[in-house]
Amino acid sequence: MTGEALIVLENVNKWFGPLHVLQDVDLSVARGEVVVVIGPSGSGKSTLCRAINRLEPIDSGTIVFDGRVLPAEGRGLAKLRSEVGMVFQSFNLFAHKSILQNVMLGPVKVLKQKPAEVRDRAMALLERVGIANQAEKYPAQLSGGQQQRVAIARALAMQPKALLFDEPTSALDPEMVGEVLEVMTSLAREGMTMVVVTHEMGFAKHAADRVVFMADGQLVEQATPEEFFANPQSDRAKDFLSKILTH
Amino acid sequence: MTEFFSVLTDNWQLFRDGFTMTVQLFLISAVGSLLLGTLLGAFRVSPVPALRWFGAAYVNLVRNTPLTLVFAFLVFAVPKLDVNLDYPQAAFTALTVYTAAFICEVVRSGINTVAPGQAEAARALGMTFPQVLGQIVLPQALRAMVPPLVSVEVAMLKNTTVAAGFSVLEAGAIPAYMAERGEPQFYVLLWITIGFLILISPLVFLQRTLERKWAVAR
């Protein structure tokens with residue numbers, strides 16, 4: 001992938017108290033690129049993902065999105081977040097709003113688009129993720145896999161320049177993982193810029209342009225999935241892969 | 001028994017005027033304290049440190065001050081600053097300022113019952129702080145806030161009687177007038193109690209209705 005860089009992290013550091021969770025992280029994601037971040041628990045992958053739209057503030061370094069440095073707070077930051085979709089491990093659908101309202105809320109309230117137009121687009125998105133027939137239900141009435149697909153539709157409704165996935169399938173029952181990965185794979189194929197933190201090695205293998213391996217707050221290595229899984233360079237990566245692939 | 005009723009009927013005008021003022025004090029201060037208290041609650045969870053500090057300072061100062069002192073301050077000290085408040089205005093202000101500190105804490109604890117992921121998802125969509133609070137967090141917090149909110153407002157309704165000590169003719173001032181008229185205090189107090197029970201019952205009803213309404217809406 002050689003496109004122009006959309007997300008650039010330079011020298012990013014973050015501490016949780018004495019814990020140095022992100023250590024001099026440099027990462028560049030090109031437009032249309034799908035980067036899958038893997039690594040052991042506590043390696044800082046989720047923090048990295050959340051730092052990109054500043055849900056986690058960083059202590060030093062710079063994060064540039066689409067040519068602009070992330071603003072610290074306020075309207076500038078809100079504007080930037082509206083251009084970056086985020087999908088959470090625990091879905092975080094708005095519990096007091098219907099499925100359709102969940103998808104419509106961002107475009108109507110943040111982008112100030114007309115509800116009638118947004119509604120059509122929202123229904124089309126729900127159709128796409130296979131939940132259009134549940135539009136009037138509330139999140140608690142849906143299965144985990146369905147909720148996560150709605151969450152993806154909610155993020156897509158903002159017509160974002162990039163999507164961040166923070167362990168999108170980790171809270172799902174095994175039989176529901178596939179339906180979510182399917183939606184993600186089709187997005188990847190259509191050229192959506194994606195940063196995906198996941199434990200799904202299958203997804204990394206067939207959908208990623210690049211795999212980034214993190215351990216102890218550092219980017220240990222990055223390579224194409226073919227290279228990484230066939231021939232990991234670092235001991236940490238070899239160790240990690242041996243643990244997950246032998247079962 | 002006839003005396004019990006005649007206490008009310010013979011002094012109907014006094015009871016009517018007293019309770020009318022009580023209801024006015026309650027309604028105006030309830031609206032005022034809900035607005036001010038919600039604003040202060042928003043301050044306490046805002047991303048701006050100065051606002052958080054102000055909210056916390058307000059609650060610590062006002063909540064720990066006896067209500068009579070708040071009244072005394074407004075009735076005796078504020079006019080010295082060339083601010084003219086008549087007695088009822090001072091009473092509205094004192095009740096609003098005082099009760100808002102309690103409302104603020106109810107709002108804040110209500111906000112804390114909403115899963116943090118809800119606000120995160122809203123922020124991730126690009127909502128501003130007021131939108132996150134108004135669209136996502138407060139509507140969900142309301143469910144948990146209803147019982148303590150009603151408790152605080154019931155307490156405020158009864159607190160209106162403090163105004164009697166500051167020359168406001170409300171229900172709490174009735175016994176003093178009645179003593180001058182030589183009416184039996186026991187019956188007078190009974191009637192005032194009945195009056196308050198009647199005033200408070202709609203609040204209890206409102207609480208039940210809201211709790212039922214929001215219990216199913218999820």
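For each pair in A:45/A:238; A:109/A:137; A:161/A:238; A:79/A:114; A:112/A:161; A:45/A:97, compute the distance between the two Cα atoms and list the pairs where it is over 25 Å.
With Cα atoms farther than 25 Å apart: A:161/A:238; A:45/A:97.
State the answer as a single residue: which of A:133, A:65, A:8 lies farthest towards the positive end of the charge dipole of chain A, with beta carbon charges of +1 for Lys and Arg and -1 for Asp and Glu, about the Cα centre.
The Cα lying farthest towards the positive end belongs to A:133.
Magnitude of the Cβ-charge dipole of chain B, K/R +1 and D/E -1, about the Cα centre, nearest 20 debye?
1020
Build a GNM of chain B with springs between Cα atoms under 10 Å: which of B:126, B:165, B:18 gets the top mean-square fluctuation?
Its mean-square fluctuation being the largest, the pick is B:126.
Can you tell me which of B:199, B:189, B:157 moves the most in a GNM of chain B? Springs connect C-alpha atoms under 10 Å apart.
Looking only at B:199, B:189, B:157, the largest GNM fluctuation is found for B:189.
For the range B:42-55, in order, what is each residue's ³J(HN,Hα) by Karplus, 6.51 cos²θ - 1.76 cosθ + 1.60 with θ = phi - 60°, in whole Hz (x at glycine and Pro)?
Result, ordered by residue: 5, 3, 5, 10, 6, x, 8, x, 4, 5, 4, 4, 4, x Hz.
7 Å from Cα along Cα→Cβ at both residue A:224 and residue A:72: what's the point-to-point distance in nm?
Roughly 4.4 nm, to one decimal.
Which ³J(HN,Hα) values, rounded to whole Hz and listed in residue order, are derived for the range B:145-157 from phi using the Karplus coefficients 6.51, -1.76 and 1.60 in 6.51 cos²θ - 1.76 cosθ + 1.60 with θ = phi - 60°, glycine and proline given as x?
7, 4, x, x, 4, 5, 4, 5, 6, 5, 4, 5, 4
Mean residue ellipticity at 222 nm from the helices of chain A, using -39,500 (n - 2.57) per DSSP H segment of n ≥ 4 over the full residue count, to the nearest 500 deg cm²/dmol?
Rounded to the nearest 500, it is -10500 deg cm²/dmol.
How about residue B:158: which aspartates and glutamates have a C-alpha closer than 18 Å to its C-alpha, ignoring those fewer than 8 places off in the same chain?
Partners found: B:17, B:170.
Taking H placed 1.01 Å from N in the peptide plane, check which residues at least 5 places from residue A:214 or on another chain put their amide H under 5 Å from its amide H.
Amide H to amide H, under 5 Å and 5 or more residues apart or across chains, residue A:214 pairs with A:38, A:39, A:220.
Let me know the charge dipole size of the protein assembly as shown about its Cα centre in debye, to the nearest 20, where only the beta-carbon of Lys, Arg (+1) and Asp, Glu (-1) is charged.
Computed charge dipole of the protein assembly as shown: roughly 640 debye.
Do the sum for chain B: with -39,500 (n - 2.57) for every DSSP H run of n ≥ 4, divided by all residues, what is the mean residue ellipticity at 222 nm, to the nearest 500 deg cm²/dmol?
So the helix-based figure for chain B works out to -24500 deg cm²/dmol.
Where a number appears in this text, it was derived from the coordinates with a stated rule and is not lab data. Every value quoted in this text rests on a predicted model; they were computed, and no experiment measured them. Note that we place each Cβ from the backbone using ideal geometry, even for glycine, and neighbour counts take in every protein chain shown.
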